[in-house]
Amino acid sequence: MRRALLLSAVCCLLSGHAFAWGGAPDWLKALAKQPVPTYPADIPGVALLDETIVTAGNDGTITTLHRRAYKILGTEGRDLGYVAVNFDSDTRISGLHAWGIDPKGEEYQVKDGDAVETAAFESSLYADNKLKVLRIPSAQPGSVIGYEYQQREHPWALQQTWHFQDEVPMRIVRYSLTLPEGWKHEESWFNGTAIEPRAAGNQFTWEMSDVAAVRPEPNAPSVRTVAGHMAINFIPPQEQLQGKAHRSWNDVAKWFYGLADARRNATPELQAKTKALTANKTSTFDKIAALAAFAQRDVRYVAIEIGIGAVQPHMASEIFANRYGDCKDKVTVLSAMLREIGVDSYYVLANATRGVVEPSFASMASCNHAIIAIKLPADAPVTSLYSVVTHPKLGKLLLFDPTSESTPIGYLPEDEQESRVVLITPDGGEIVTVPAHPPEANRMNVVAKLKLDEGGVLSGEVREVRTGLLAANMRAYLTSMKNDTERKQFVERRFAYHMTQSNVSDLVIENLDDIDKDLVFRCNLNVTGYSKRAGGMLLVRPRVFGQKSEGTIDLKERKLGYVTQGPSLETDEFEISVPGGLKVDELPSPVTVSTNAVSYTSESKFEHDVLRYKRQYKVQTFGVPLAGLTELNKAFSQISADERSSAVFK
């Protein structure tokens, strides 16, 4: 539904902005005088204060004052010197100010009129969600910077999330809530210990001090899923506001269903197109696949999100006529077409980041993506469909993402696997857990038949076959390139990473545009100086190319688990014919590695002047907990050693 923030581009526009002198408020001056603890050298800054003051109105409006101040500790802390505020037609921003106090005590300020306004998200043809961005004065090491602004909004749901943990340490974090008479609230806590608020009538204040930073780490879960936060529901007594009190996922589902269901009505034009697409299909599943392909490839991803349009789909007739829409629009037009062939389907709300959707706190704000659940007919080839879930009442449902143009039907993109989604039905909705695809669903097989001559030149044929998401991801990358020349250069770089004096010729890429078939690479490879001579011996590496080890994970200060690329099964078969008369002196020992996360086997053989090397690498999970990383490091070390090992010939 929403796409990536455009903040980096806006920051460039602000790089030369001028500031006014003076004007720092008393609260910021007081914070600037306070002593700051000593932090590790890699901490760019510390939040001296993060304050949120929320006032709910009897009419359902929410007014929020945001205030934050930083002490910049290092050069990377300059990135903290921007404030970006979202607003739209239902949200008003006022009182936007930012100040800086440099190490000499000089004060600077900028105001609302100095802000740059821009669209907030990419891939939007038109959206009323915008950003106001200010560059904060004097964002340099040793400075104290701060900002504040007020938001007044009419939200779809009476709820908020208080993020009390961030990527920098937080000295004081405070959330204050004032509710109208008769209103109540409910709290849910995540990744942190719940604290009791200070209460005075219908005013509540939660406060923490010295909250540790969540530092980004390589191959770690998203900071959003591991940082501490409190989610809160505001519960009004007024009957007219009850629809905005989303206290369960069933509440969210009923609300969304009311917005979306009538959008799936088909027009005569849509009915005619459905009939044409399915005319020569004999099975119901083949008809489903044809309609899915249309929504996936013939309806471009373009978002028009104005007001409630950020969550409500457009009419199926509009989407079909325009041939564009966002994720929920693609689902809508596909669902309308499926109705025409008598197949039931359901909206599914998801998040593009695994782990964001929480079963214990229902919020439309945690869903930024929509996919579809299709009721499978009896003739569906279930054994070859990996994105199937079984519902106790609805039976087998095929989950499909029409936004992902390179992912074939029967699969889901990685971030939608091993995750939680919200199934929307006429009766309400519920959380559904989506399992990961098995490793066998995503395969890569490399076969290389090569010959080593007496001058050390290695040459021969290479064939690589990819299936599942290993094919889908590579296909998406290759199709993003301009032409075959760029693709050939990419393949050459892959070989050059392992062999600097390599050359690729006669490259053929099969099924690049057919996502339902395996992706195949074929080429001729020539490598100069592949074998090495040492003391009368000839050294030949059986593993010619391809790296399975992901490198040693630094565990010294690591706090988070490790995220892999997902389950897969990769096999390599290298056959190297060597000059006659060579006698093997030593072969690499067979290797067997087995952990909960990965497994690996390899074996080298030499017979009839041919060195043969086979290996298999299997990834079995998306995530490895912190406690399992020592074992994973050991596995990577063993794999790396095997990849470097050589056969020794006399």
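Conditions (1) farther than 30 Å from Met230 by Cβ; (2) surrounded by 24 or more Cβ atoms within 10 Å (Cβ to Cβ), marked per residue:
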residue	(1), (2)
Asp329	yes, yes
Thr353	no, no
Glu358	no, no
Ala362	no, yes
Ala378	yes, no
Gly395	yes, no
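List the strands (runs of 3 or more DSSP E) that sit entirely inside the stretch 125-182 and contain at least 3 residues that are open to solvent by 20 Å² or more (accessible area, probe 1.4 Å) and among the polar types (S, T, N, Q).
159-163
Which of (1) more than 30 Å from Ala627 (Cβ to Cβ); (2) in contact with a helix residue (DSSP H, G or I) (Cβ under 6 Å, 6 or more places away or on another chain); (3) not β-branched (Val, Ile, Thr) does Gly566 not meet, given it meets every other one?
All conditions are met except number (1).
From the list Val457, Val432, Val447, which one is in contact with a His (Cβ under 9 Å, 6 or more places away or on another chain) and open to solvent by 20 Å² or more (accessible area, probe 1.4 Å)?
Only one candidate passes the filter, namely Val432.
If a residue has to be surrounded by fewer than 17 Cβ atoms within 10 Å (Cβ to Cβ), at pLDDT below 95 and small (Gly, Ala, Ser) to count, how many in the stretch 9-56 make the cut?
Looking only at that region, the number is 8.
Answer yes or no as to whether Ala260 is aliphatic (A, V, I, L, M), in a strand (DSSP E or B) and open to solvent by less than 10 Å² (accessible area, probe 1.4 Å).
For Ala260, the condition - aliphatic (A, V, I, L, M), in a strand (DSSP E or B) and open to solvent by less than 10 Å² (accessible area, probe 1.4 Å) - is not met.
Applying the selection to the stretch 232-242, what residues are under 9 Å from Leu158 (Cα atoms) and either of a type in the set (Gly, Ala, Ser) or open to solvent by 50 Å² or more (accessible area, probe 1.4 Å) (or both)?
none
With the structure loaded, tell me whether Glu486 is closer than 29 Å to Arg297 by Cα, at pLDDT 95 or above and out of contact with any strand residue (DSSP E or B) (no Cβ under 7 Å at 6 or more places or on another chain) or whether it fails that test.
Judged against the criteria, Glu486 is a match.
Among the residues of the stretch 57-86, how many are touching a helix residue (DSSP H, G or I) at 6+ places or on another chain (Cβ under 6 Å) and crowded, with 22+ Cβ neighbours inside 10 Å?
2
How do the pairs read when you match residues in the stretch 328-345 that are modelled with pLDDT of 95 or more with residues anywhere that are open to solvent by 10 Å² or more (accessible area, probe 1.4 Å) and part of a loop (DSSP other than H, G, I, E, B), using Cβ under 6 Å and keeping only pairs 6 or more apart or on different chains?
Asp329/His314; Lys330/Thr403; Ala336/Ala266; Glu340/Ala266
Here's a check for you: in the stretch 87-116, which residue that is modelled with pLDDT of 80 or more and of a type in the set (Asp, Glu) is least open to solvent (accessible area, probe 1.4 Å)?
Asp102
Those residues that are open to solvent by 50 Å² or more (accessible area, probe 1.4 Å) and over 32 Å from the mean Cα position of the chain (by Cα), I need them from the stretch 586-604; list them, please.
Of everything in the stretch 586-604, those that are open to solvent by 50 Å² or more (accessible area, probe 1.4 Å) and over 32 Å from the mean Cα position of the chain (by Cα) turn out to be Glu586, Leu587, Ser589, Pro590, Thr592, Glu603.
Hey, can you tell me all the residues within the stretch 418-429 that are of a type outside the set (Ser, Thr, Tyr) and either crowded, with 21+ Cβ neighbours inside 10 Å or not in a strand (DSSP E or B) (or both)?
Matches in the stretch 418-429: Glu418, Val421, Val422, Leu423, Ile424, Pro426, Asp427, Gly429.
Of everything in the stretch 407-417, what is of a type outside the set (Val, Ile, Thr), modelled with pLDDT of 95 or more and either open to solvent by 50 Å² or more (accessible area, probe 1.4 Å) or assigned to a loop (DSSP other than H, G, I, E, B) (or both)? Give them in sequence order.
The answer is Pro408, Gly410, Tyr411, Leu412, Pro413, Gln417.
Select the strands (runs of 3 or more DSSP E) contained entirely in the stretch 465-555, then report the ones holding at least 3 residues which are surrounded by fewer than 20 Cβ atoms within 10 Å (Cβ to Cβ).
Ranges flagged: 502-510, 519-527, 532-534.
Looking only at residues that are in a loop (DSSP other than H, G, I, E, B) and under 18 Å from Gln159 (Cβ atoms) in the stretch 193-226, which one is nearest to the chain's Cα centre (by Cα)?
Ala194
Given the criterion exposed (fewer than 14 other Cβ atoms within 10 Å of the Cβ) and touching a strand residue (DSSP E or B) at 6+ places or on another chain (Cβ under 7 Å), identify the matching residue among Lys583, Lys618.
Result: Lys583 is the single residue among Lys583, Lys618 that is exposed (fewer than 14 other Cβ atoms within 10 Å of the Cβ) and touching a strand residue (DSSP E or B) at 6+ places or on another chain (Cβ under 7 Å).
Tell me whether the stretch 277-297 contains one or more residues that are among the hydrophobic types (A, V, I, L, M, F, W, C), free of Cβ contacts under 8 Å to residues at least 40 places away in the same chain and open to solvent by 50 Å² or more (accessible area, probe 1.4 Å).
For the stretch 277-297, residues among the hydrophobic types (A, V, I, L, M, F, W, C), free of Cβ contacts under 8 Å to residues at least 40 places away in the same chain and open to solvent by 50 Å² or more (accessible area, probe 1.4 Å): present.
Looking only at the stretch 569-578, which residues are open to solvent by less than 10 Å² (accessible area, probe 1.4 Å) and under 27 Å from Gln417 (Cβ atoms)?
Once the filter is applied, which keeps residues that are open to solvent by less than 10 Å² (accessible area, probe 1.4 Å) and under 27 Å from Gln417 (Cβ atoms), the stretch 569-578 yields only Asp572.
Let me spell it out: the conditions are (1) over 35 Å from the mean Cα position of the chain (by Cα); (2) over 22 Å from Asp642 (Cα atoms), and Ser531 meets all of them except one. Which number is the exception?
Result: Ser531 passes all but (2).
Answer with yes or no whether Ala47 is more than 13 Å from Glu148 (Cβ to Cβ) and in a strand (DSSP E or B).
yes
Go through the residues of the stretch 190-199 one by one and say whether even a single one is among the hydrophobic types (A, V, I, L, M, F, W, C) and within 30 Å of Val432 (Cβ to Cβ).
yes
Can you confirm whether Val226 is in contact with a helix residue (DSSP H, G or I) (Cβ under 8 Å, 6 or more places away or on another chain) and not polar (S, T, N, Q)?
No: the conditions fail for Val226.
Within the stretch 183-214, how many residues are within 30 Å of Thr75 (Cα to Cα) and crowded, with 17+ Cβ neighbours inside 10 Å?
4
The values are calculated or read from the model by the stated rules, or taken from the named source; none is laboratory data. As the structure is a computational prediction, the values presented were derived from the model and not from experiment. Here the Cβ is made from the backbone with ideal geometry for all residues, glycine too, and neighbour counts use every protein chain on show. For the accessible areas, the whole protein counts, side chains as well, though only heavy atoms, and no ligand, DNA or RNA atoms are used. Shrake-Rupley method; radii C 1.70, N 1.55, O 1.52, S 1.80 Å.
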